[in-house]
1. Answer with yes or no whether A:A548 is at pLDDT below 85, more than 37 Å from the chain's Cα centre (by Cα) and within 14 Å of another protein chain (Cβ to nearest Cβ).
2. Can you spot a residue in the stretch B:58-66 that is at pLDDT 60 or above, within 26 Å of B:Q246 (Cα to Cα) and within 14 Å of chain A (Cβ to nearest Cβ)?
3. Taking the residues in the stretch A:595-638 that are open to solvent by less than 70 Å² (accessible area, probe 1.4 Å) and polar (S, T, N, Q) as candidates, determine which candidate is farthest from A:R560 (Cα to Cα).
4. I'm checking my understanding of the structure. Among residues of the stretch B:221-234 that are not in a helix (DSSP H, G or I) and not acidic (D, E), which one is farthest from the other protein chains (Cβ to nearest Cβ)?
5. Among the residues of the stretch A:576-587, are any open to solvent by less than 80 Å² (accessible area, probe 1.4 Å), closer than 20 Å to A:K177 by Cα and not basic (K, R)?
6. Within the stretch B:112-135, is even one residue within 28 Å of B:L212 (Cα to Cα) and modelled with pLDDT of 65 or more?
7. In the stretch A:157-220, which helices (runs of 4 or more DSSP H) lie fully inside it and hold 1 or more residues that are surrounded by 13 or more Cβ atoms within 10 Å (Cβ to Cβ), within 14 Å of chain B (Cβ to nearest Cβ) and on the phi < 0 side of the Ramachandran plot?
Amino acid sequence: MAPVPTIQGAAGYKKKDGTFSIAQDQKSIQWQPVGARDAEKVVTIAVANITNLQQTPEAAAKVMLKIFEKPPDASESVTHLFHFNSPSNPRGEANAIKDALTNLISALKANDANTPKANGATSAAMAIASAVTSKPTSGPARWYDDAGLKTDIELQQSLMKKDPALHRTYMEARRTKPDIISDSQFNSQFWSTRTNILRAHAVESHQKRGAYNVLSAVKPRQVDGELKMNISAEQVQLIFSQHPLVKRVYDENVPKLNEMEFWSRFFLSRLFKKLKGERIVETDGTDPTFDRYLDASNDSGLDQRLLGLHIPNIIDLEGNEENQGGSRGGNRADFTMRPGSAAKVPIVRTLNSLSEKIMAHVAPSDVDPADPIGMDEETFNALALKDLQGDAAENRIMLNIKEQSQFFANEKSAVSAEAALYAKQVPSEVLAGLRSDVNPMSIGNGTGRGLDLSSAIGVLEESDSEDERKTAHVGSKASLVDAQKQILEGVKARRLEIDGSSAQTSLAGLSQKIFDRLTLTHATTTEFLHHFWTIFLSGDPDRAGELAKMVETLERAMDRINAVAADAEKERDQVIARTKQDILDIYQRTQKKTKWDPKSVAGGEKVVKEMMEPTTRAIQKAMKEYKKALAAEGIDTS
Amino acid sequence: MNAVDGSDHYEAAVEGPSPSLLVIVLDTNPHAWALLAPTLPLSKAIANILVFINAHLAVNNANQVAVVASHSHRAVWLYPRPPSSSSSEDVEMTNDQPPKLDDANKYRPFALIENSLLASLRDLISTTAEKDVATTSTTQMAGALTLALSYINKATVLYSDTTSSSKPATNAIDAPENTTGLQSRILVVSVSGDLAHQYIPIMNTTFAAQRLRIPIDILKLAGDTVFLQQASDTTKGIYMHLRSPQGLLQYLMMAFLPDQMARKHLVAPTQEVVDFRAACFCHRKVVDVGFVCSICLSIFCSPPEGAICLTCSTHLALGDYGAKPAVVPRKKKKKRRVNGGGGDTPSARGTPVPGE
């Protein structure tokens, strides 16, 4: 490390102005009040003792640096707050000092593994200090990195273990991939279309399960009057941390009782019920060992710790008590809210205190609002009553919509067939025809008796079909018959659609085995098609060779479909042969002929081809495009 | 006339099956009807539709009906008639004998509707100017559908108000699943094709109808419109393209008479293949594969000029698309040239390529 020039800045400490500087030997920092003569008022902090740095945000008006010092022999850390008040450039000075300090401390940490790790959180504290000024660059970025995900074999394995269908597709596709594509290339291609699944899986598997209410999770079973249970070492750990009382009981009793007996008796005891929050009834068995502790406190001093915290007034419920007349005014608190013995609503209280304990063990993801006032802008913002501050500036992205008719107007060339027909008509004739058509006389209600519907609809009762052939008119029998036919056709088609959705018919006569093979073939073909288009559209000349191989693979995919079709046909032939044999047998035994049409046997090649038709078309399309592109380059495709 | 629009039926609606409201959207595009006149003149079609309306009203005496005309330049109510136009009707009818509504041979509600419908249709045709017909060849289908939807909304609110005394108010808008309220449906009698320029408004009304569970039935006499197919498909209505328009009555009575309640138990004779394609916003072409703006979801048949969305002016990135498929072999050839020293010797597709 190059010698750092002495860094200093004007800073106030305990409301006195002074100078803040890093000593020449870089082992300590010191603050000297202005015009100080004696060394008494000089504050000196050894760099080795600094456990944490905090700085006000970049945007804040006040520039302050907070240094947490913890001498090796002290139990509590001391905080020093320096207020940089240089008239010219307080922020620059503070940043320079902070950066220098950060470097010094990390260098120290790297050199000396024995550095006292106060609270075991030194590095985390450092991270906070740098996070104040810059966004974290490392951390969970791992699963945002597509390339990283694609090469994380371990992750992919674990995902495939979870998703057998994906595993099958992967294996099949890898088996049938063209040889020229190496495993790793195939891998990255395969996963490049599935990075989203990988990311979800990575995030999911990296989530840590937090503590839970362990007592209710342990479920002892009564087998033959004996209590059986399984508790893991972790569960014991959790019980101890959640219920310090159990730890105490264990400590005091276990040498006398053996481990197994201790736990089995504990889970039967009244103490267990009490800790779990259940009501203790008279019939519960007594156990002198555990009953002694029934009234003992199960508190780990958490309440004391909570009381000692500074709670911002704005969220401090107790802070309001004096304003609303305390306990004398207003409605009485709900009985769950009243202070008092835990005996009243044991389950609520137990669960509440348990939740408190669990939460206390979770590292806060947000800024602790219990930090000293004035330290953190973010906390202040979080607590501010925003609705009192007027409307926030609108933060929207403007969407400028243009009138669509504008860009329709100039496109008269593409008119539909109907419009072309309409254009040929003379408007006046059109209108005249329409007018005479709806003329009262022609419709037939000019008589003043209203419309005679039975004649108006044109159905002629007496007409026989002979006459109608000459003049097809509205409501003619032929048209009505045709209409009926069309409607019934529609009904039939729809009925087929409704009935055809059952599981049996969805196989369309194929055996489950063939169908599964077909599904797999389809999946891999789709996979290869995907790869083909990715490469084809990438425009990357380096991948042209890969592309040619991919086309070969598609050709083979076609063969595979045909193979499945052939097998299906074979299967169908077998069914037909068997049935024929049956009929022959029956005939030989009983001389009875059974009518049977081989066409009634479903399945076979036809069904497979039908099912795969879209895929086949997709393959053909891909090949055609490829050949076209080749032909465009003057390369003979034959 | 307004007093007749079915409000006198409300009292009877308390018991029995729930009444249904049928809104018929009649496409009166003069061009299309003129083309269709040799096979099915408008007057005959109206007569057939009137029989259908009568049948609908006869099913339940609380059933209601409304008819909207989707004309070439505007959408007009045919029945119930808007109050303002009723006065002009009186003036026009003076040269004819005033219709006798008390004809003993005709059920009065039938006569009322028939009279009003014909009168307003004549009105509409007589007020259509030549230049209206000349300037446009399409029909205001989107407007007519909107009118129909708003009428249905009004009728539903009115119905649930009047019946709220006897049963809990069921608003079809709040509880689309309800089976007790007014059952509304829309029947579009369409004769003209080419609605691509109304793609967006029609799809909007379609989705509104879908939300309100109002089926839109399409009876297609002529022409073909992709979007009406989609409208009936999304709203679970019936789409029929008539093979023989002269059998209109048969179609109406067999396929379109049952209301939603009855249809649950019937197999509807709808066309099973639906064309789901959309129209591009730039050339009104119905497209198979298109480009969609990621901001405003506008559809284009080809990437707009400079990759700037025509509708919202957003600059769009086309990703790898710029690499046209044909590029690959060309570059491949280039590469071969580099490797092979400038010859296009490779002739077959399977030629081994240096590299991978």
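The values are calculated or read from the model by the stated rules, or taken from the named source; none is laboratory data. Note that this is a predicted model, so its numbers are computed, not measured. Note: ideal-geometry Cβ built from the backbone for every residue, glycine included; neighbour counts use all protein chains shown. Calculation scope for accessible area: heavy atoms of the full protein, side chains included, ligands and nucleic acids excluded. Shrake-Rupley method; radii C 1.70, N 1.55, O 1.52, S 1.80 Å.
1. Yes: the conditions hold for A:A548.
2. yes
3. A:T637
4. Here the answer is B:L221.
5. no
6. Of the residues in the stretch B:112-135, the ones within 28 Å of B:L212 (Cα to Cα) are B:113, B:117.
Still in the list and also modelled with pLDDT of 65 or more: B:113, B:117.
Yes, the stretch B:112-135 has at least one match.
7. Per the criteria, A:183-192.
Per-residue answers, yes or no, for (1) closer than 25 Å to B:I46 by Cβ; (2) part of a helix (DSSP H, G or I); (3) not assigned by TED's automatic domain parsing to the domain that holds B:P38:
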site	(1), (2), (3)
B:A209	yes, yes, no
B:L219	yes, no, no
B:K236	no, no, no
B:M240	yes, no, no
B:Q250	yes, yes, no
